[in-house]
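Participant: For reference, the structure I am asking about is given below.
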Amino acid sequence: MAEMLPLSFRKAEERDCPDIVRLVNLAYRGELSKQGWTTEADLLAGQRTDGDEALDLLRAQNSLFLLALRGRALLASLHLQRVEGYAYLGMFAVDPRWQGVGIGKCCLQRAENLVREEWGVSVMRMVVITLREELIVFYARRGYQRTGELRPFPRSPRFGIPQVAGLQMEVLEKRLGPLFPSPL
């Protein structure tokens, strides 16, 4: 893990949207995504996001992208939005070439601290494709629990074109405890 230090964090600005889109699509779709373990390339074709969606999310009220950088290189990003009673975490992406070295864990801890400190929120929610068991296990090890609340996968090519029938999303939730310093 020492080889990836130093890792810095900052909130995204509009100028960062093209880099966020590139990273998210790199992490989830296409051949390079298969280098990492977060790929959805066998489940979904097409893009994961586009510039319009990223810009809309960035400009939305109570919404931000958190970026993890090593120098100027964007290694990870995630979207946070404050909703009544909880914070929603989505579009979490780590560059496939940097997966498995602790960046994802560090980003989750930083995001959880941010929503507690800045928004006073003590619950984090997300949705995960139910077929992504290894991803659900990753989040479970970090305290996220399956809620049993299922949602259909969005029917828009903007989010990808299903390659398997019956894709569903499940809501995961975590009650956030006291603040801890992030590991990096």
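Participant: Rounded to whole Hz and in sequence order, give me ³J(HN,Hα) for the range 82-89 from the Karplus expression 6.51 cos²θ - 1.76 cosθ + 1.60, θ = phi - 60°, writing x for Gly and Pro.
Facilitator: 7, 10, 3, x, 7, 10, 9, 10
Participant: Moving on to the next point. Quick check for you: with a 1.4 Å probe and neighbouring chains kept, what is the accessible area per residue of the range 98-173, in Å²? Present the calculation step by step, with values, prior to reporting the outcome.
Facilitator: Numbers: 3750 Å² over 76 residues.
About 49 Å² of surface per residue is accessible.
Participant: Just how many % of Cα pairs in the chain lie over 27 Å apart, if you round to the nearest whole percent? Mind showing how you got there, number by number?
Facilitator: Details: 3675 of 16836 pairs.
Cα-Cα pairs of the chain separated by over 27 Å account for 22 percent.
Participant: Per residue, how big is the convex hull of the range 114-179 when only Cα atoms are used? Give it in Å³.
Facilitator: Expressed per residue, the convex hull around the Cα atoms of the range 114-179 is 107 Å³.
Participant: At 222 nm, what value in deg cm²/dmol follows for the chain if DSSP H runs of at least 4 each add -39500 (n - 2.57) and the sum is divided by all its residues, to the nearest 500?
Facilitator: Values: 4 runs with 47 residues, N = 184.
That comes out to -8000 deg cm²/dmol.
Participant: Out of the total accessible area of the chain (probe 1.4 Å, heavy atoms of protein only), what percent is carbon and sulfur? Present the calculation step by step, with values, prior to reporting the outcome.
Facilitator: Numbers: 4740 of 9280 Å².
Accessible surface attributable to carbon and sulfur in the chain totals 51 percent.
Participant: In the chain, once you exclude exposed trypsin sites (Lys or Arg not before Pro) (DSSP loop, at most 12 other Cβ within 10 angstrom), what's the longest stretch remaining?
Facilitator: Details: sites that count: Arg72, Arg155.
So the longest stretch without any such site is 73-154.
Participant: So what is log10(I(q)/I(0)) for the range 77-153 at q = 0.23 1/Å, when the Debye sum runs over its Cα atoms only?
Facilitator: The calculated log intensity ratios at q = 0.23 Å⁻¹ are -1.26.
Participant: Right, something else. Under a 10 Å cutoff between Cα atoms, tell me which one of Ser77, Ser122, Ser156 has the largest fluctuation in the Gaussian network model of the chain.
Facilitator: Its mean-square fluctuation being the largest, the pick is Ser156.
Participant: Can you give the net charge of the other residues whose Cβ lies under 13 Å from the Cβ of Glu149, counting K and R as +1 and D and E as -1? Show your work: numbers first, answer last.
Facilitator: On the way: positive: Arg125, Arg146, Arg151; negative: Glu170, Glu173.
Overall, the nearby charge balance is +1.
The values are calculated or read from the model by the stated rules, or taken from the named source; none is laboratory data. If you're wondering where the values come from, they're calculated on a predicted model, not measured in any experiment. Quick reminder, even Gly has a Cβ in these numbers, built from the backbone with ideal geometry, and neighbours come from all protein chains shown. The accessibility values were calculated without ligands, DNA or RNA, using every heavy atom of the protein model including side chains. Shrake-Rupley method; radii C 1.70, N 1.55, O 1.52, S 1.80 Å.
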